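Here the structure comes first, spelled out in structure tokens, and everything after it is commentary.
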Amino acid sequence: MPIYMDRHYTEDATRQGIANAHEKDIEIQDKHNCKFITYWFDDDRHTGFCLVDAPNKEALQNAHNEAHGGIPHEIIEVDPKIVEAFLGRVKDPEPVNPLGETHTDSAFRTIMFTDLKDSTLMGTIFGDAKAMHLLRVHNALTRNALRGFKGNEVKHTGDGIMASFDSVSNGVECAIAIQRAFDVYNQEHPDESLFVRIGLSAGEPIEESGDLYGKAVNLAARLCAHSEPSKILVAELVRDLCHEETIPFVDIGEITPKGFTQPITVYEVQWHI
């Protein structure tokens, strides 16, 4: 059966209330041929998300309606492997104490793209073997930083990496760590310097109907493409939610990225300081 993710918006929802609703869903799921896999809840945005194995959207809606009356605002079909890549799990979180209580995490994520400058020319400049080695250097430097700041690698794009973070500050600090790692590498290898662009955005998995994290992913990719080598560009939301006070941001004005109808304010992270 297909796997669906749904979105619930309830202004007075609580973590315990969402947990109780999940238990009620599980109690009656067999009647609707559904399996409620797990859920996420965001206190700040009053949004909950369920991951459900169901024959169709109607069965999922009917199960929710009978269990607790919480009809989802949106439902999209998803690939559980991609969900796990973004969110880090596709099962209920482990209990955090002997009473069986769990930590219910938010589905809000910061999305990061890296792009290695002139990656397609490296074969011509250095030869295929050396070009592959340099791409592996990019991968290693980027993945080392991801591990250090609890980032999840969503996919390798061929000349870069797409990653997600459950903390906005971790995402920005990871981007800084990547640029600093490349800077050190370039000082030690001036004849084979590597330069990377980075873009970051943030959002919820189905803020709008469509692809998983569609708007946040598209904006992070556009910011990465708009960036100059060795730069980090972030969306205004990322700047606003980054609680690391020592990170300096500079307003570089508005752009209207491809696929977006309204201009957005872009900030550059001053990682050299």
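Structural remarks
- Restricted to segment 45-59, and to residues there that are touching a Cys at 6+ places or on another chain (Cβ under 8 Å) and crowded, with 20+ Cβ neighbours inside 10 Å, the residue that is farthest from Asp92 (Cα to Cα) is Ala54.
- In segment 65-89, of all residues being part of a helix (DSSP H, G or I) and charged (D, E, K, R), the one that is surrounded by the fewest Cβ atoms within 10 Å (Cβ to Cβ) corresponds to Lys81.
- Any chance Asp30 is charged (D, E, K, R), modelled with pLDDT of 90 or more and within 19 Å of Phe108 (Cβ to Cβ): no
- From Asp92, Asp42, Asp25, residue being closer than 17 Å to Glu204 by Cβ and surrounded by 14 or more Cβ atoms within 10 Å (Cβ to Cβ): Asp42
- Residue in segment 33-50 that is more than 26 Å from the chain's Cα centre (by Cα) and more than 18 Å from Asp166 (Cα to Cα) present: yes
- For segment 197-249, the candidate set comprises residues that are polar (S, T, N, Q) and over 26 Å from Phe49 (Cβ atoms); within that set, the residue that is modelled with the lowest pLDDT is Thr246.
- Residues in segment 170-219 that are among the aromatic types (Phe, Trp, Tyr), in a helix (DSSP H, G or I) and touching a strand residue (DSSP E or B) at 6+ places or on another chain (Cβ under 9 Å): Phe182 only.
- The lone exception for Leu212 - which of (1) on the phi > 0 side of the Ramachandran plot; (2) touching a residue at least 60 places away in the same chain (Cβ under 8 Å); (3) not β-branched (Val, Ile, Thr) it fails: (1)
- Being farther than 30 Å from Leu146 by Cβ and surrounded by fewer than 17 Cβ atoms within 10 Å (Cβ to Cβ) holds for only one residue in Asn20, Asn62, and it is Asn20.
- Scanning segment 1-17 for residues being surrounded by 15 or more Cβ atoms within 10 Å (Cβ to Cβ), among the hydrophobic types (A, V, I, L, M, F, W, C) and more than 18 Å from Leu212 (Cα to Cα) gives a total of 1.
A quick yes/no check of all residues on (1) in contact (Cβ under 8 Å) with a residue 24 or more places away in the chain; (2) on the phi > 0 side of the Ramachandran plot; (3) in contact with a Cys (Cβ under 7 Å, 6 or more places away or on another chain); (4) assigned by TED's automatic domain parsing to the domain that holds Val172:
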| residue | (1), (2), (3), (4) |
| --- | --- |
| Ala216 | yes, no, no, yes |
| Cys224 | yes, no, no, yes |
| Cys242 | yes, no, no, yes |
| Gly253 | no, yes, no, yes |
| Gln262 | no, no, no, yes |
| Thr265 | yes, no, no, yes |
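- Sole residue being more than 19 Å from the chain's Cα centre (by Cα), surrounded by fewer than 18 Cβ atoms within 10 Å (Cβ to Cβ), under 15 Å from Ala19 (Cβ atoms) and at pLDDT below 95, chosen from Thr102, Thr120: Thr102
The values are calculated or read from the model by the stated rules, or taken from the named source; none is laboratory data. All figures in this text were calculated on a predicted structure; none of them were measured in a lab. Positions of Cβ are backbone-derived with ideal geometry, glycine not excepted, and every protein chain shown enters the neighbour counts.
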